[in-house]
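Can you read through this structure? Questions will come right after.
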Amino acid sequence: MSEETIALYGGKPVRENYLPYGKQWLDSSDTQAVLNVLTSDYLTTGPTIEQFEKRIADYVGAKYAVAFSSGTAALHGACFAAGIQKNDQVITTPLTFAATANTIRYQGGNVLFADIDPNTYNISAKAIEALFTNKTKAIITVDFTGQPVDYEQIQKLADKYSIPLISDAAHAIGATYHKQRVGSLADMTMFSFHPVKHITTGEGGIITTDDPVYHQKLRDFRNHGITRDQNRLAVSDQPWYYEMQSLGFNYRMTDLQAALGLSQLNKIEDFLAIRRAIANKYNEAFHELDLIHSPYQLPHTNSSWHLYVIRLQLEKLNVSRTEMFRALQKENIGVNVHYIPVYLHPYYQQLGYQKGLCPQAESLYQAIITLPLFPKMSEEDTDDVIAAVKKVLSYYEVLS
Ligand SMILES: *Cc1c(COP(=O)(O)O)cnc(C)c1O
């Protein structure tokens, strides 16, 4: 074992103050943008929403974008627009935030969890195909950590069965697949603007799509199912008349949020560049360690690096992931774990999902730790994370 006592056992931590795993970047241009709207005529449902939607659609190369009050609300909208109903099956990955699967449940659908590919950690096309039945009505993929799924392969499956592909790209704004931006690769794509994500609106989300029918449904859905479109009204000619044609929600984004989003978008290329530089630095630093696996990247993809996840080689370490996690926390490194396989949560267990359903996801979950990664991190912060990982690993290394 190494000489240096780790902080967990009373040694001096690698750094004095706690480094969080993620954090937003706001500057005076952001505050000014919000203030401008705050003193304007429209706080919500005004012109800034449309500007934001247009900018996002242009950025990802999609025809339409519909903003929502959260990424979760947006994904719920996508499930609605895709026509998911009671007892329909939707296939998704277990290695995601619970919201992905929950939005299927909101529509009364049944969630089929397809196991991950052990190299990319993304949903496996083979596993998806094995789950298909005639009740399967959609696939929701997740670009885990910002690495695009194999869109070509999965789109082929969706086409073969004539069902829509919905992409949960909460991690993946700015990521590319064969040089094409995520957001234009699936039938509908969701981005989240929660503060830990690449750009923030406080809370917020959006769906991008090329399909005018989905676009319409998404717009209605976020506003109680109400339309004022003269061409679609069943009855009237009255100037004040509108119709609620489906059961929607109040899932609207405010103009204050959209203003923040627009101003954040001005910085997105910088945010992405810094995230990629930090990930490269981690990759280089960890390259020669055989105690952990660095994230594998599929050729022809360029990750947006929302998260940097290391996989411990537990058989080479005298430590469990839990203790390793505690040890890094004690070094003042804000590590995290993404994710608990969704079906292991009590709500899904009560629905009857069994442990062992997706062995790859479960075994990955036992060994992963997410390292801090956000644009405001300094060189020293990154060096501290690397030093802490190396210090703790060498302390626990099994010496043969
Ligand atoms: C953040 C996130 C969501 C939910 O987005 P919110 O904006 O927080 O509602 C959904 N899926 C994934 C994978 C996420 O990371």
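Using only Cα atoms and rounding to the nearest 10 degrees, what angle (0 to 90) does helix 268-286 make with the longest principal axis of the chain?
Value to nearest ten degrees: 30.
Report the one residue of 142, 37, 69 whose Cα lies farthest in the direction of the positive end of the charge dipole of the stretch 28-265 (charges on C-beta: Lys and Arg +1, Asp and Glu -1; origin at the Cα centre).
142
By the scheme Lys and Arg +1, Asp and Glu -1, what is the net charge of all other residues having a beta-carbon under 14 Å from that of residue 293?
Working: positive: 311, 316, 321; negative: 117, 288, 290, 315.
Summing Lys/Arg as +1 and Asp/Glu as -1 gives -1.
Can you give the charge dipole size of the chain about its Cα centre, rounded to the nearest 20 debye, using +1 on the beta carbon of Lys and Arg and -1 on the beta carbon of Asp and Glu? Show your work: numbers first, answer last.
Numbers: 35 positive and 42 negative charges, 151 e Å.
The dipole of the chain has a size of about 720 debye.
If you don't mind, there's one more thing I want to ask. At a Förster distance of 60 Å, what's the computed FRET efficiency of residue 379 paired with residue 63, Cβ-Cβ distance as r, to 0.05? The partial results should precede the final answer.
Working: r = 41 Å, r/R0 = 0.68.
My answer for the efficiency is 0.90.
Now, a different point. Roughly speaking, to the nearest percent, how much of the chain's 1.4 Å accessible area is carbon and sulfur?
Values: 8920 of 17550 Å².
Roughly 51 percent, rounded to a whole number.
Mind checking the stretch 150-183 for trypsin sites (Lys or Arg not before Pro) that DSSP puts in a loop (not H, G, I, E or B) and that have at most 15 other Cβ atoms within 10 Å? Write out the running numbers ahead of the final one.
Details: sites: 156, 160, 179, 181; in loops: 179.
Qualifying residues, ordered by number: 179.
Specify the angular offset, from 0 to 90 degrees and rounded to the nearest 10, of the alpha carbon long axis of helix 71-81 from the longest principal axis of the alpha carbons in the chain.
Tilt relative to the chain: about 50 degrees.
Let me know the whole percent of all Cα-Cα pairs from the stretch 324-372 that are separated by more than 17 Å. Write out the running numbers ahead of the final one.
Numbers: 532 of 1176 pairs.
The proportion of pairs with Cα distances above 17 Å equals 45 percent.
Determine the gain in length on full extension of the stretch residue 161-residue 350; use 0.36 nm per residue of separation and subtract their C-alpha separation, reporting nm with one decimal. Don't skip to the end; give the middle numbers.
Values: separation 189, 0.36 × 189 = 68.04 nm, distance 3.02 nm.
Extra length from residue 161 to residue 350 when fully extended: 65.0 nm.
Could you work out the relative contact order of the stretch 28-265? I mean the mean sequence separation of Cα pairs under 8 Å and 6+ apart, divided by the number of residues, in percent. Working shown, then result.
Working: 514 pairs, mean separation 64.6, N = 238.
This gives 27 percent for the stretch 28-265.
Applying 1/(1 + (r/R0)^6) with R0 = 22 Å to the Cβ-Cβ distance of residue 152 and residue 269, what FRET efficiency is obtained, to the nearest 0.05?
Working: r = 26 Å, r/R0 = 1.17.
Using R0 = 22 Å, I get an efficiency of 0.30.
Helix 212-221 against the longest principal axis of the chain: what's the angle in degrees, Cα atoms only, rounded to the nearest 10?
Tilt relative to the chain: about 90 degrees.
With an 8 Å Cα cut-off and a minimum separation of 6 or more residues, compute the relative contact order for the stretch 255-400 in percent. Can you show the working numbers first?
Values: 145 pairs, mean separation 44.4, N = 146.
For the stretch 255-400, the relative contact order is 30 percent.
Let me ask something else about it. Given a Förster distance of 45 Å, report the FRET efficiency between residue 23 and residue 244 from their Cβ-Cβ distance, rounded to the nearest 0.05. Don't skip to the answer; put the middle values down first.
Values: r = 41 Å, r/R0 = 0.90.
With R0 = 45 Å, the Cβ-Cβ based efficiency is 0.65.
Can you compute the helix-only [θ] at 222 nm over the chain? Use -39500 (n - 2.57) per DSSP H run of at least 4 residues, normalise by all residues, nearest 500 deg cm²/dmol. Don't skip to the answer; put the middle values down first.
Details: 13 runs with 142 residues, N = 400.
That calculation yields -10500 deg cm²/dmol at 222 nm.
What distance in nm separates the simple spin-label points at residue 131 and residue 316, each placed 7 Å from Cα in the Cβ direction?
Result: 3.2 nm between the two label points.
Provide the net charge surrounding residue 22, with neighbours chosen by a C-beta distance below 14 Å and charges set as Lys +1, Arg +1, Asp -1, Glu -1.
Details: positive: 23, 197, 275, 376; negative: 381.
Value of the local net charge: +3.
Length gain on complete extension for the stretch residue 366 to residue 287, per 0.36 nm per residue less the alpha carbon to alpha carbon distance? Show your work: numbers first, answer last.
Values: separation 79, 0.36 × 79 = 28.44 nm, distance 2.15 nm.
Extra length from residue 366 to residue 287 when fully extended: 26.3 nm.
Evaluate the charge dipole of the stretch 28-265 about its Cα centre and quote only its size in Debye, nearest 20, assuming +1 on the Cβ of each Lys and Arg and -1 on the Cβ of each Asp and Glu. If you can, show how the numbers build up before the last one.
Numbers: 19 positive and 23 negative charges, 57 e Å.
Value, rounded to 20: 280 debye.
Continuing with the same structure: Only Cα pairs under 8 Å and at least 6 apart count here; give the relative contact order of the chain as a rounded whole percent.
Answer for the chain is 24 percent.
Order the peptides 78-88, 237-247, 186-196 from the highest to the lowest mean number of other Cβ atoms within 10 Å of their residues.
On the way: 78-88: 20.2, 237-247: 10.5, 186-196: 25.4.
The most tightly packed comes first, giving 186-196, 78-88, 237-247.
Counting Lys and Arg as +1 and Asp and Glu as -1, what is the net charge of the other residues whose Cβ lies under 15 Å from the Cβ of residue 86?
+2
Going through the cross-link list 316/390; 281/376; 12/281, which pairs have a Cα-Cα distance over 20 Å in this structure? Walk me through the intermediate numbers first.
Working: 316/390 14 Å; 281/376 15 Å; 12/281 24 Å.
Where the Cα-Cα span goes over 20 Å, the pairs concerned are 12/281.
Same structure, new question: Can you pull the Kirkwood radius for the stretch 28-265, inverse mean 1/r over Cα pairs, to one decimal in Å? Write down the numbers at each step before the final one.
Values: mean 1/r = 0.0552 Å⁻¹.
Computed over the stretch 28-265, the radius equals 18.1 Å.
I've got another one for you. What is the ratio of the Cα radius of gyration of the chain to 2.2 N^0.38 Å, where N is its residue count, to two decimals? Let's see the in-between values first.
Numbers: Rg = 22.3 Å, N = 400, 2.2 N^0.38 = 21.4 Å.
Cα-based Rg divided by the globular estimate yields 1.04.
The values are calculated or read from the model by the stated rules, or taken from the named source; none is laboratory data. Keep in mind it's a predicted model, so treat the numbers as computed, not measured. Note that we place each Cβ from the backbone using ideal geometry, even for glycine, and neighbour counts take in every protein chain shown. Keep in mind that these areas ignore ligands, DNA and RNA; they rest on the heavy atoms of the full protein, side chains included. Shrake-Rupley method; radii C 1.70, N 1.55, O 1.52, S 1.80 Å.
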